[in-house]
Structure formats: structure tokens, C-alpha cells
Amino acid sequence: MEFIIKIGQFLLSLSLLIVLHELGHFIPAKAFKTRVEKFYLFFDVKYSLFKKKIGETVYGIGWLPLGGYVKISGMIDESMDTEQMAQEPQPWEFRSKPAWQRLIIMLGGVFVNFLLALVIYIVASFVYGDTDISASSLKDGFVIENPILTKIGFKTGDKIIKVDGEPVIYESDIRRNIIGANNVTIKRGEEEKTIELPIDFLGQLSSSDDRSLFDLRQPFIVEKIMDTSLNKSVDLQKGDIFKSINGKPAEYFDQVAPILEDTKEQTINVTIQRGSTTINRDLKVDQYAKLDVVTTRSLKTFEELGYLKIITKNYSFGESFGVGFKKFTSQITSYFGQLKAIFNPKTGAYKGVGGFKAIYDIFPSTWSWQAFWGLTAFLSIMLGVLNLLPIPALDGGHVMFLLYEMISGRKPGEKFLEKAQMVGFFILIALVLFANGNDIVKAIFN
């Protein structure tokens, strides 16, 4: 069931993005009376799952879910239709249109990607608002167990107060801002300290089995005792908070787990806070270092007990425009930062580049429209930015040649464009193989 939910979200999001991106090319092409021969979701190598001709355009669904395309007459694209290009240009063909019209047609897909993301952020801000955790409210900091982080000086309990000198207001700011960051300022007890991040920090994370960063500490609060527990007859009640085990601090999971590992098949003495009262109980640890006690994971409960503070913001329809635009620009800036890191070999960030499996993995295992739209907005920005890269065969490659034509007044030769398209196609194939190869290597060795 988990696979069905994740793959369902993945395919729905991918299909929506592809159709709207290609629609961004289709609409201006039609507006400028340019013939569109095909409009396809997914690729129709050898055959189609569905196709129907309406007017001069064949609409269809291919069997290979790696993208989609519109085939515009008189345009050198991935179809490499050299026979058509060898004929005399016709008025309805792409190559016969003024450069400014061709530029609009080529930028249409990227424009729609960015517009879609902006609209999603605006509507989602109005419908869902924002829910986050105040970073300064965390009672005892974060769980930090990744060896990459501990090696450079982080410790469990640290509070993150700045990233590259910018104050951290919300818990989500940390993961978003740490990409490409140089340093992080922490508060440990009453002391503030700045920790420098190695230049290949992202590369180390990408190639590590453990990719955790700064996780919320989970207090050990009893929800119920399992029927199979060795402690089912012990007086434990819902809401009991562990404070210590055998005299050692044990208020959080990260403190409890190592103690239980050292006391397998032993009896331990636990100090518990029940309301305003402190009590002691003797509990048995089984052979698997478990107490078989179900604990609460409710952030609302954690807030009520003073472990953190949840910030909820609701926006009016008017306010949602400003909030949505800010999220949109922030995400674009962040993604360009990621690309900059990826193309800098020193950062090692290229090791984290993923393909379709990586995209599939970011979708949650339970259906959430709020998460779905947020991820779709991010993927729409990603698709738009990647299509702007000046690689022949991508929109950005076509735009590059069109800008050259508009500035110089000279149109690149069709033979040159055909060769450039072929080079670009092989570059794209190499990038796809690299990204999806990374997915395969991680699946095998991680």
C-alpha cells in the first residue's frame, strides 16, 4: 500500500508538470499560427498507449514515463526530423517565424513551470497557512548523531541559532539554509560557538549511509504498555515522563536507547514524573533492549509540556500573495544554490544527484494533499531551472541560439543546429544515466 501511495503521488505530480510544461510551448505556438504535429505525455518509442488526432495535432500518451514533448513543425528537436528540415521552409513552420516569436514559444514551458509553482505557493498559503516550530523554543536542542556532524564539533543538545550569520527563526530554516552554507552558530548551554562546515560537506552527506542532520529530540512519554511487554503489570500511566534510569539522565529517546542496550535482560530503576509528582518504578528490559512501551509522538503534547512551541500562521487571501511570492523566490534562490554546489567538484555535492528514484523517495508514504502540492511546486521550479540550462536539446539551449541570432543578426545554420542538438542529446543521456546510476549505487550499497 505504501508503494501504491508513493508511486501514485509521483506519477500524478510528474504527469501534471509535463502536461503543463508542454502546454506552455503549445499555446504560444498556436497563437503564432505555428503547426504542432504532436502533443505527448511520456515518450512514444515505437508505439503509444493512446493517441488521437484532432485537427492537425496528434495527442497521445507514450509508454515510457521519462518526460513528454510537443513536436513543432520546422523545429530541430529530439525527433531529429532531418527530412522535414531539408525541404523549403513553410509559413506555418517554427523556423519561418520571427526570432521574438520563437523565443516566446521556447520560454513558454519554463514560464508555466514558474507560474505553476507561484500559484501553488499562493493558494497553499491561503488554504493551509504555515505550521512550524520555533527554533529558540526547543527545550534541550537537537539530536545530532551523524558522525559527519559530530566529527566537526556538533553535539546532541546543541541549539542552532544562525546559519552563515543569518538568524534561524524556525526549525525548517535549518535544512533549507544549510545547503551551500559555510558555517553554523550554535548555543551549547550558555556558550555560543561557530562551527565551520567543510567545503565538501554536502558530498560527505550524499555518500554517507547516515544522512540525518538536526532532528527534534523526542521525550520519552508513555502512551501505553504493549500486551506482550514484560512490564504489563507495572503501574505505568499515559503521560508518565521518564527522567532517569539507574540514576542516569533519560528524558529523551537518545538518552534511553544506549542505556537499554547496556542493560539487556536486566531490571532497571526508572524515575518518572507523573503530573507534579516524582515516582520510581522497576522495569524489565528484554533481550532486544526493549521495554515494549509505546510512547507519544504528538508535537501538540510536546508543546503542552513545554518541550517546544508550535507556530501556526493563517493568511488572508491578500496576504497569501506576498507570502507565496516570498516562498517562490526563496525556493528558486535555494535551488540555484544547490546547482552551484553540484557544478563545483570541490563540494562533492554531485554525489547526491539523484534520478527518478530520488524524486519518488521524497513523497510521503501517506497521502497528503498539502505535502503533494508543496513537492509539486518544488519539482516545478526544479524542472523550470533545469530547462533553462544552456544545453542544446533543452529549452535553454534553444534560447541561447535564439539570443545569439537576435543580437548578431545571424541565424545559426541548420546543419550546425542539428549537430548541436545531437551533442545536447548525448549530454542529457549522460546526465540521466549519471543521476539514475547514483540511485542504483545508493540502493545497492547504502
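The values are calculated or read from the model by the stated rules, or taken from the named source; none is laboratory data. Quantities reported herein were computed from a predicted structural model and do not represent experimental measurements. Neighbour counts are summed over all protein chains in view; Cβ atoms, including those assigned to glycine, are modelled from backbone coordinates with ideal geometry. Side chains included, ligands, DNA and RNA excluded: accessible areas come from the protein's heavy atoms. Shrake-Rupley method; radii C 1.70, N 1.55, O 1.52, S 1.80 Å.
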Q | Residue check, M406 modelled with pLDDT of 85 or more, outside any loop (DSSP other than H, G, I, E, B), touching a Leu at 6+ places or on another chain (Cβ under 9 Å) and among the hydrophobic types (A, V, I, L, M, F, W, C) | A | yes
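Of the residues that sit in the stretch 128-155 and are in a helix (DSSP H, G or I) and either in contact (Cβ under 8 Å) with a residue 60 or more places away in the chain or over 22 Å from the mean Cα position of the chain (by Cα) (or both), which one is surrounded by the most Cβ atoms within 10 Å (Cβ to Cβ)?
Ranking the qualifying residues of the stretch 128-155, first place goes to L149.
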Q) Taking the condition in a helix (DSSP H, G or I), open to solvent by 20 Å² or more (accessible area, probe 1.4 Å) and of a type outside the set (K, R), does Q87 pass? A) no
Q: Output the residues belonging to the stretch 364-405 that are under 18 Å from the mean Cα position of the chain (by Cα) and of a type in the set (S, T, Y).
A: S365, T366, S368, T376, S380
**Q.** Single condition I359 does not satisfy, out of (1) surrounded by 15 or more Cβ atoms within 10 Å (Cβ to Cβ); (2) more than 15 Å from the chain's Cα centre (by Cα)
**A.** (2)
Q. Is it the case that the stretch 364-374 has a residue that's open to solvent by less than 40 Å² (accessible area, probe 1.4 Å), at pLDDT 90 or above, in contact with a helix residue (DSSP H, G or I) (Cβ under 6 Å, 6 or more places away or on another chain) and closer than 27 Å to P65 by Cβ?
A. yes
Q: Take the stretch 25-68 and flag every residue that is without any contact (Cβ under 8 Å) to a residue 40 or more places away in the chain and within 17 Å of S96 (Cα to Cα).
A: K30, A31, V36, E37
Q) Counting just the residues of the stretch 1-56 that are outside any helix (DSSP H, G or I), among the aromatic types (F, W, Y) and open to solvent by less than 70 Å² (accessible area, probe 1.4 Å), which one comes out nearest to I359 (Cα to Cα)? A) F42
**Q.** Matching residues in the stretch 335-349 - criterion: being open to solvent by 20 Å² or more (accessible area, probe 1.4 Å) and small (G, A, S)
**A.** G337
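Considering only residues that are surrounded by fewer than 16 Cβ atoms within 10 Å (Cβ to Cβ) and part of a strand (DSSP E or B), which ones fall in the stretch 171-221?
Hits for the stretch 171-221 are N183, R188, E191, E192, K193, T194, I195, E196, D215.
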